[in-house]
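Student: Below are the structure tokens for one structure; questions will follow.
Quick note: the coordinates plus some simple rules give every number you see, no bench work behind them. Because the structure is a prediction, the values reported are computed rather than measured. FYI the Cβ positions are ideal-geometry reconstructions off the backbone, even for glycines, and counts take in every protein chain you see.
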Amino acid sequence: MEKLTRLYLKEIMCRHGIPASIILNQDSHFTSRFWRSLQEALGMNLDMSTTYHPQTNGQSERTIQTLKDMLLAYMIDFGSS
């Protein structure tokens with residue numbers, strides 16, 4: 001947990017700042033103690049999409065896929081050096 005928090009702060013927050021809110025789907029990864037602790041510590045909102053609004057989950061899934069593609073491209077470009 002502590003390692004994940006340090007990694008998130010170092011790699012994400014230092015580059016992009018503290019978000020006012022994050023929209024997450026109902027996946028157990030996003031309802032974990034890590035996200036709840038981070039929310040409380042930084043005073044940000046975690047907004048969970050509901051099962052009655054599947055379009056929000058679709059938006060989240062597309063964003064996640066885009067991020068995966070970007071990270072893969074980064075790893076290909078810079079990972080071997």
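Student: Quick check: pseudo-label points 7 Å beyond the Cα along Cα→Cβ at Lys68 and Ser37, how many nm apart are they?
Tutor: 2.7
Student: Which residues' amide hydrogens lie under 5 Å from the amide hydrogen of Ile23, considering only partners 5 or more residues apart or on another chain, with H built in the peptide plane?
Tutor: Asp47
Student: Follow-up question, since we're still on this one. Along the Cα→Cβ direction, 7 angstrom out, place labels at Ile18 and Gln59. What is the inter-label distance in nm?
Tutor: 2.4
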